[in-house]
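K.L.:
One structure coming up, written as C-alpha cells, with questions to follow.
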Amino acid sequence: MTPTPATRRRIRRGIDNAALYFAVAVLLAPCLFVFFWMISLSLKYDIDNTAWPPVFIPTEPTFDNFVHVFQESPMFLYFWNSVQVTGSATLVAMLLGVPAGYGIAKARAHGLAAVLLLSRMTPGLSYLIPLFALFQMMGMIGTVWPIALTHMVITLPIVTWIMIGFFETLPQELEEAARIDGATIWQAFYYVALPLARPGIVVGAILSFIYSWNNFIFGAVFAGRTTRTMPVAVYNMLTFESFAWGPLAAAAIVVMLPVMALTIVIQREIVQGLAAGGVK
Amino acid sequence: MAGADITAGVKGQGSADRRLRPYLGFIWPALVVCSAVIIFPWLFTVWMSFNDWHIGSARAWVGIENYSKLATDRRFLESIGHTIYFTVLAVFLPLVLGTFAATVFHKKFRGRGFFRTLFIMPMMATPVAVSLVWTMMFHPQLGVLNYLLSLVGLPPSLWVFAPATVIPSLALVEVWLWTPFVMIIVLGGLASLPTEPYEAALIDGASQWQMFWKITYPLVLPFIVVAAIIRTIDALKAFETIWVISNGGPGTASETLNVYLYAQAFAYNQVGTASAVVVVFFAIIVVLSLVLLWARQKAQWS
C-alpha cells in the first residue's frame, strides 16, 4: 500500500519539525552548558570540583561557597558601589541622551550621529590614559565618581543611539498639531513625543544599565580597595584564590544575577531594541 | 548605519543649519558631556603621542619618535598579527553561527520565545564572570572541556596554556559571548523580508537549501554586513576576555594591541608610547570600518 499524499506530507512535516528542534538543541547546548557548569561548580565542595572525572550534578548541594564569598570580601559594599556607578551613569545618560536623541532625529543632524559611532569605535582603554591623568590632577581618584563619569562613555552613546532610532519612527503629525495649537518646542517634546517614546526609553535605560554594570576596564583602572565595582571585585578574587573554584563560580553568579534577571524580564524589548539600534 | 546618511547630510548645508537651530537646546547638554569624556581624551591622546612622558618624571616633546620606535618594536608588530588572527576568528565564526541561528529562530515553533531568551543570555552575561568560568573550564588537568573531548575520543588540549592554541581558545569564548548579537541583527533583517519570493519558490519546488542561498542570503546580506562591522570593531577592541583568561600569555602569545596598550600605559607607565599605540590602533579600526561600510554600500547596490 502506498502512502497517500496527505500522510506523506505529514511525515515530511514531522521530519522538518524534528530537524528544527535538533538545530535548536545544537545551538542551545554550548550556550547553556557554560551556565550549567558555573551553577554546578558553585554548589559543590572543592573536593568534588577538582575530581576526575568531573562531578556534573552535585551529590550534596551546598551554599557554603556563597557564604564564603560574602564573608571573605565586602560584597555588599561592592554591590553598592556598582549600583551607584551604574545607576548614576544611566540616569545622567537618560537625562542628556533622550533630549539629544530627539534633537538629532528631528534636525536630522547625522554628523552628530557619526560622532557617536566614532566614540563606539574608540577602544575604551584610550579614554583611560587622559582621564586618569585628569582625575589625578583633580584629586578624584579614590571615590566612585571618576568611575561613574567614565561610564558615561558607554551609556551616553547607547541611549542617544537608541533614542535617535526611536524618535525617527514616531509620526511627525502629532507634534506639528501641538505646535499649531501654540505649544513650544519643549512642550511638544515633553507632552507629545516623550510619552510615545516610553518603550524606547525603557530599552535604552536597561541596555545602558546592563553594559555599564558589566564593564570592567574603567573600574579596574580607577577603583581603589573600597571603590571596586562588582566585576573588578570578582577579577580580584581570581588573582588571590585561583584554585578555589567553588567560591569563584559563586562570585561569578552573584555578579551577573542582576543583569540576567533584567534580561529575562524584558527579553522581547531587548531583542527589538538591539535590532532597531544596530540596523538603522 | 550612519554611513550613507553622512553624505546626504553634507549636501544641503544651509537648510540643515536652519533645521538644526531650534533643536540645539536639546543637543548641547549631551554635546558638552561628550566633549568632556570623549573628545577631550582624543585630543589629549594625539598630543601626548608626540611626547615622551613616563608618569612621575618630566614630559618632553619628541616629535614622531614614539611612532618610529613602534615601527621597529617587534612586540608591537606581533601584537598586530595576534589582533588580526583573533579578529578574523571572532568575526567569521559568530557571523556563520549567528546567521544560522537567526534562520532557525525565525521559524515558528512551540517555545520559540523561551528558547530565544535562553540563546541571548550569553551576550548579557558579565564578560569578566564568564571569562572566569571559561578559565576553570580550560584547565588542562581538571578542566571539564578536556573531559568532554575524552568522551568523544579526542586527545586533551592545552587550550590557553600553549602558544599554538591560545588565540583560537580565546576566540571560542568570544564566539560564545557574541553569536547571539549577530543572531539578533540578522533576525531583525529576516523579519523585514517579503514573503512572495518564498511562495513562488515553493510552487517551483525549490529546496530549503536553494531558498536560503538564492533568496534569503542576498536579501539579508546588508544586515549581515552591519553585524560584521559592529563585530569587527568589538573584536578588535576585545580586552576583558583576553586579560582575565590568558593575560596576554603564555609569554606574549596572545598579546593583542589592546593588551599591549594596557601594559605600556599601566604597567610601564609609558604614557607617550601608549598614546601612539592608541592613535595607530584607532586608525586601524577606522580604516577597517570604512572598508566594511564600503562593502555594505556594494551589497545594497548589487
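K.L.:
Pick out which of B:Gly188, B:Gly56, B:Gly143 has the largest mean-square fluctuation in a Gaussian network model of chain B, springs linking Cα atoms closer than 10 Å.
P.N.:
B:Gly56
K.L.:
Select from segment B:40-87 those trypsin sites (Lys or Arg not before Pro) which occupy a DSSP coil region and have at most 15 other Cβ atoms within 10 Å, ordered by residue number.
P.N.:
When the trypsin sites (Lys or Arg not before Pro) of segment B:40-87 are filtered for loop state and at most 15 Cβ neighbours within 10 Å, B:Arg59 remain.
K.L.:
Under DSSP H, which helices of chain B have Cα atoms covering 27 Å or more of the helix axis and a Kyte-Doolittle average no less than 1.0?
P.N.:
Passing helices, by number: B:74-106, B:166-191, B:217-237, B:271-301.
K.L.:
What are the ³J(HN,Hα) values, in whole Hz, obtained from phi via the Karplus relation 6.51 cos²θ - 1.76 cosθ + 1.60 with θ = phi - 60°, for each residue of segment A:198-212 in sequence order, with x given for Gly and Pro?
P.N.:
Result, rounded to whole Hz: 3, x, x, 5, 4, 4, x, 5, 6, 5, 5, 4, 4, 5, 6.
Read-outs: derived from the displayed coordinates by stated rules, not from any lab. Note that the coordinates shown come from a computational prediction; the quantities given were computed from them, not determined experimentally. Positions of Cβ are generated from backbone atoms using ideal geometry, with glycine treated the same way; all protein chains shown enter the neighbour counts.
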